[in-house]
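Scroll down for the structure; my scribbles are underneath it.
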Amino acid sequence: MVVKWFSFLLLGALVVGCRAPRWPLEVRDLERLNAVGRAAHDRRRLNEASDAYVKLLAADPSRLPTSAEQALIRACCPRLQRHAQEFFPLEEFVALLHPQRPWIGFHLFWDDDVDFPEDNDPTDHEVIWVEFDPVRRVPVRVATYFHGRLITSPVAPGQRPRVAVEWGKHGSVPGDVAGKWVEVVGLHRNWQRLHDRGTRLPEHPLAQGWPKRFAGDFEEYLRFDVSEDPLRRLELVPHWRVTPWANAVLNQHFLPYCFAPKTEWPPE
């Protein structure tokens, strides 16, 4: 009981106080502090979220990857295929290597989502996770974030993961070992709505100049003809860190604005 109350008081001191902790925290205390930041972040209370994230990273700092870890990130970096009529460019690309688990999270920030001009997030945050073999140091599985669901697929031996990017909304669809795209429930529904009814808020002032509907048929919606290799972006602007605290590091190291926090890592 004494230990429990000590942990509670310590966490409270971190959230309220301004100084970094002077002794190591236990994992459960770090997780609680991360949860405090995530809860505020979900409510768009970014100052409160950042305050918790600062304390979290003071207690468990991120670091730059070693040269060997950089080579691993390069080997696992996904290749993107997008639609030729994609309106929104990729604004930011960040690679985060988990220090204990064999996963790398690749965070993509597209200029916006065609359906959400009013959500106060200046970018559309999507995530691709790549699992690697810790002995052979090669990618073995890819997991993508598709509108709240995780879609997984094995990676073809000797290749980097391939991921298709949905038009306008940027749901990420992994490729399979046969060179095809994984069948994802929801793609046809999204196409039908965007084709028949159009985008959600076409007349919103912030959506001026945006496409208002997808004119092509479903086969055209699934044409991902344009290659985009974000590894080139990483080589020019090495936005990468080693950390388990994805949202905190994105907030403190890379993005000076609000973004939608997403699942940090695939489940165990």
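Bear in mind that the values in this text are calculations on the coordinates, not laboratory data. Everything numeric here is computed off the predicted structure, so don't read it as measured data. Positions of Cβ are generated from backbone atoms using ideal geometry, with glycine treated the same way; all protein chains shown enter the neighbour counts.
Tell me the label only: which of [x] 6, 22, 23, 18, 13, 11, 7, 1, 0; [y] 7, 28, 32, 22, 9, 2, 0; [z] 7, 32, 41, 20, 1 is P(r) over Cα pairs in 10 Å bins from 0, in percent as calculated from this structure?
Computing P(r) over Cα pairs in 10 Å bins from 0, in percent and matching it to [x] 6, 22, 23, 18, 13, 11, 7, 1, 0; [y] 7, 28, 32, 22, 9, 2, 0; [z] 7, 32, 41, 20, 1 gives [y].
Using alpha carbons only, what's the Rg to Rh ratio of the range 36-185 with Rh from Kirkwood?
Numbers: Rg = 16.5 Å, Rh = 16.7 Å.
Here Rg/Rh amounts to 0.99.
Using θ = phi - 60° and the Karplus relation 6.51 cos²θ - 1.76 cosθ + 1.60, list the HN-Hα couplings for the range 201-207 in order, rounded to whole Hz, with x at every Gly or Pro.
Each residue's phi maps through the Karplus curve to give 10, x, 9, 5, x, 7, 9 Hz.
Per-residue ellipticity at 222 nm for the chain, helices alone: DSSP H runs ≥ 4 residues times -39500 (n - 2.57), over residue total, nearest 500 deg cm²/dmol?
Using -39500 (n - 2.57) per qualifying helix, the result is -9000 deg cm²/dmol.
Students often get this wrong: which residues of the range 175-197 have the backbone nitrogen under 19 Å from the point 7 angstrom along Cα-to-C-beta of Phe218?
Residues passing the 19 Å test: 180-197.
Can you list the residues of the range 51-84 with backbone N under 12 Å from a point 7 Å past the Cα of Asp229, pointing along Cα to Cβ?
Within reach of a label on Asp229: 75, 77-80.
What residues have an amide H closer than 5 Å to that of Arg162, excluding those fewer than 5 places away on the same chain, when H is modeled at 1.01 Å from N in the peptide plane?
Amide H neighbours of Arg162: Arg79, Gly175.
Over the Cα atoms of the range 122-184, Rg to Rh with Kirkwood Rh, two decimal places?
Here Rg/Rh amounts to 1.00.
Check Phe116: other-chain or 5+ apart residues with amide H under 5 Å from its amide H, H built from backbone geometry?
none
Within the chain, which DSSP H helices have Cα atoms that stretch 20 Å or more along the helix axis and a mean Kyte-Doolittle hydropathy of at least -0.5?
Those that pass (Cα extent of 20 Å or more, hydropathy at least -0.5) are 2-16.
Quick one: length gained pulling Ser67 to Gln192 fully straight, 0.36 nm per residue minus the C-alpha distance?
So the chain would gain 40.4 nm between Ser67 and Gln192.
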